[in-house]
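The values are calculated or read from the model by the stated rules, or taken from the named source; none is laboratory data. Fair warning: this is a prediction, and the values are worked out from it, not measured in the lab. With ideal geometry, Cβ positions are generated from the backbone for all residues, glycine too; neighbour counts draw on all protein chains shown. Just so you know, the surface numbers come from the protein's heavy atoms only, side chains and all, with ligands and any DNA or RNA stripped out. Shrake-Rupley method; radii C 1.70, N 1.55, O 1.52, S 1.80 Å.
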There are 2 protein chains.
Amino acid sequence: MTSLVVYEDSSPSADAELLKKACHGWGTDEKAVISILGHRNAYQRKMIREAYQQLYQEDLVKRLEHELSGDFERAVYRWNLDPADRDAVLANVALRKENCDYRVFVELSSTLSPEELFSVKCAYQSRYKRSLEEDLASHTSCDLRKLLVGLVSIHRYQGSEVNLQLANSESNILKNAIEEKKFDHEDIVRIITTRSRPQLMATLNRYKDEHGCSITKHLKNDPDYAYTETLRTTIRCIYNPTKYFEKVIRNAIKKSGTNEDTLTRVIVTRAEKDLKEIMEQYYKRNSVPLDQAIAKETSGHYKRFLLALLGKED
Amino acid sequence: MTSLVVYEDSSPSADAELLKKACHGWGTDEKAVISILGHRNAYQRKMIREAYQQLYQEDLVKRLEHELSGDFERAVYRWNLDPADRDAVLANVALRKENCDYRVFVELSSTLSPEELFSVKCAYQSRYKRSLEEDLASHTSCDLRKLLVGLVSIHRYQGSEVNLQLANSESNILKNAIEEKKFDHEDIVRIITTRSRPQLMATLNRYKDEHGCSITKHLKNDPDYAYTETLRTTIRCIYNPTKYFEKVIRNAIKKSGTNEDTLTRVIVTRAEKDLKEIMEQYYKRNSVPLDQAIAKETSGHYKRFLLALLGKED
């Protein structure tokens, strides 16, 4: 469920006028920006952008990018984009970094519907004049490439049917590959990238029942770190997205030095989907509400904006 | 351009009634079936199926499958399906054969738009309760799997921009891999499966200019026949689909024993797209019109039906 507290009876043109006023003159009224955009859903934000363009012949996203700065600016920028366009930007930003955060691609491929993923690819092509897959393939190599390109390109079966016999035989294939320390075995990549989510869950459960331990534990301690790390991330994200995102946030704020990019990515992409469940999971796991944890580790307008997206006022 | 001669002012319910009459009693009026279905486009055929279902509470596709037989039945069956559904059936039939004809997947991936390919995958899932990619991946292995799964899953960039510097460097990458006889080099698969068609054309042209020979010639004589053969097929299909399909038809009818499955596939899938250009190319290459060549190698209702799709009456 969404964590967002939306004002249903807002008017796009009134919002656009208030945002114009907030950007007027020397200095920006960041609180006004937060009080409006932090309480509008994706459709409302789109209407505001259109009203703003019509009223002032100006791109609201670019104007705010210019007016704001730092982590706050990046969070507002991502929040303002259409979801598919935002995911395309997140993917491209990840690829252009020296230390690429491959979790972005795992999250895209594991949490979006095939239709949503198709829209992200169209948005990517329209922005960057290349395909997501070709950029990803030319930035990676070997097993990591096989895994990531497979993940973002393959259209998994969406039905709920599970073949238990297949789950059994593929659990054995995984076990054999892991026992032989062949973590890059092509069948591992095939099973993880092509099988439907329910089928994969059955295989992973079977693995756990049979061997008394989750496959992610057995995949540890491999020299090809980026590949096995991404493989484990994928399995965790498919198996339980709520727990996965809780852990991503926990690591982003608990490790020395908050990772604002990661924190922003999860809050902004999940706010209108399952952030409420992620918050509950966070509290269960850490005995501290997520908003308190974030308030402790962030500051200023950035903090206020994230809290607004969490449905909490400053 | 389509080769089909369509009767624009047909009525779906009148057509449905005529088809019901053609199937009535002992024996079927195949000529009536051909004279109707051989002159209706995909939309009209869909309307006829719907009218037939409404009038007689019966599935026309299944009824005709039951009434007709042999190559004629298979051709009419494929023709009657929605294009995306037909492609899903062709892919599944190919996978279930002992000697899989991988050209089916090459043709799907190289000639359909991303939207069309997406629809084929949805149709495949709805029919077979599995994804096209998982079936393809579990029926193949090693390099052939990498190539084919990449082809059907990757969403190529659709724009016309070409980066000539990239074409130059990737032409060199291909050349080096071929010189070292590494036909399975991961960069070959990456370039062929991920680059946009115009970009790939530029790379292949650059290769030809630089080395005085097309890459498909250099890819010959490899021990891993299915893989290199599929790679060459892909390059030819992307480079010039008209020439590619002309050759497929030529081989299907000229080799000893006509390959009706292949002939049907090409005629049925291309009739409403570019069969006219393929027919012109066939005449240019063989100095015999395609309809004459087909009439010579086929017979009966099957022959009459194919000729109707070619826009020629018996």
Checklist entry - Restricting attention to segment A:138-147, does a residue exist that is at the interface with chain B (Cβ under 7 Å from one of its Cβ atoms), open to solvent by 20 Å² or more (accessible area, probe 1.4 Å) and among the acidic types (Asp, Glu)? => result no
Item to check | Number of the condition not met by residue B:141 [criteria: (1) among the hydroxyl-bearing types (Ser, Thr, Tyr); (2) at pLDDT below 95; (3) farther than 25 Å from residue B:188 by Cβ] | outcome: (3)
Checklist entry - So is residue B:163 open to solvent by 20 Å² or more (accessible area, probe 1.4 Å) and touching a helix residue (DSSP H, G or I) at 6+ places or on another chain (Cβ under 7 Å) or not? => result yes
Checklist entry - What pairs can you find where one residue is in segment B:5-18 and outside any helix (DSSP H, G or I), the other is surrounded by 14 or more Cβ atoms within 10 Å (Cβ to Cβ), and their Cβ atoms are less than 7 Å apart, with a gap of 6+ or different chains? => result B:5/B:39; B:5/B:311; B:6/B:39; B:6/B:40; B:6/B:41; B:7/B:39; B:10/B:40; B:10/B:44
Checklist outcome for this item: residue B:219 fails exactly one of (1) under 25 Å from residue B:99 (Cβ atoms); (2) at pLDDT below 95; (3) within 14 Å of chain A (Cβ to nearest Cβ), namely (3)
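Residue A:190 - would you say it is facing another protein chain (nearest Cβ under 7 Å), of a type in the set (Lys, Arg), within 20 Å of residue B:150 (Cα to Cα) and assigned to a loop (DSSP other than H, G, I, E, B)? So that I can check it myself, show each step before the final result.
Values: facing another protein chain (nearest Cβ under 7 Å): yes; of a type in the set (Lys, Arg): yes; within 20 Å of residue B:150 (Cα to Cα): yes; assigned to a loop (DSSP other than H, G, I, E, B): no.
No.
Report those helices (runs of 4 or more DSSP H) wholly inside segment B:21-84 carrying at least 1 residues which are open to solvent by less than 70 Å² (accessible area, probe 1.4 Å) and over 29 Å from residue B:295 (Cβ atoms).
Working: elements: B:30-37, B:42-56, B:60-67, B:70-80.
Where helices (runs of 4 or more DSSP H) fall fully within segment B:21-84 and carry at least 1 residues being open to solvent by less than 70 Å² (accessible area, probe 1.4 Å) and over 29 Å from residue B:295 (Cβ atoms), they are B:42-56.
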Checklist outcome for this item: Selection from segment B:106-149 of residues of a type in the set (Ser, Thr, Tyr) and in a helix (DSSP H, G or I) yields B:109, B:110, B:111, B:119, B:124, B:126, B:128, B:138
Checklist entry - Considering segment A:104-119 alone, what residues qualify as being within 13 Å of residue A:91 (Cβ to Cβ) and open to solvent by less than 50 Å² (accessible area, probe 1.4 Å)? => result A:104, A:105, A:106, A:107, A:108, A:109, A:112, A:117
Next on the checklist: Conditions first: (1) within 14 Å of residue A:219 (Cβ to Cβ); (2) among the hydrophobic types (A, V, I, L, M, F, W, C); (3) assigned by TED's automatic domain parsing to the domain that holds residue A:102. Residue A:189 passes all but one, so which condition is the exception?
Outcome noted: (3)
Item to check | Count of segment A:199-220 residues which are more than 15 Å from residue A:163 (Cα to Cα) and of a type in the set (Ser, Thr, Tyr) | outcome: 2
Item to check | segment A:120-133 - residue that is open to solvent by 10 Å² or more (accessible area, probe 1.4 Å) and either among the basic types (Lys, Arg) or at the interface with chain B (Cβ under 7 Å from one of its Cβ atoms) (or both) and, of those, farthest from residue B:190 (Cα to Cα) | outcome: A:127
Checklist outcome for this item: Filtering segment A:148-162 down to residues that are more than 7 Å from every other protein chain (Cβ to nearest Cβ) and over 21 Å from the mean Cα position of the chain (by Cα) yields A:160, A:162
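Let's see how each residue does on (1) outside the structural domain of residue A:110 (by TED's automatic domain parsing); (2) open to solvent by 10 Å² or more (accessible area, probe 1.4 Å):
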{"position": "A:149", "(1), (2)": "no, yes"}
{"position": "A:158", "(1), (2)": "yes, yes"}
{"position": "A:170", "(1), (2)": "yes, no"}
{"position": "A:203", "(1), (2)": "yes, no"}
{"position": "A:206", "(1), (2)": "yes, yes"}
Checklist outcome for this item: When restricted to A:242, A:258, the only residue farther than 30 Å from residue B:139 by Cβ, touching a residue at least 40 places away in the same chain (Cβ under 8 Å) and buried (at least 16 other Cβ atoms within 10 Å of the Cβ) is A:258
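Closer than 24 Å to residue A:245 by Cβ, assigned to a helix (DSSP H, G or I) and more than 8 Å from chain B (Cβ to nearest Cβ): is that true of residue A:199 in this structure?
Working: closer than 24 Å to residue A:245 by Cβ: yes; assigned to a helix (DSSP H, G or I): yes; more than 8 Å from chain B (Cβ to nearest Cβ): yes.
Yes; evaluated as a whole, the condition is true for this residue.
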Item to check | segment B:82-116, residues that are without any contact (Cβ under 8 Å) to a residue 24 or more places away in the chain and either more than 15 Å from the chain's Cα centre (by Cα) or assigned by TED's automatic domain parsing to the domain that holds residue B:233 (or both) | outcome: B:96, B:97, B:98, B:99, B:115
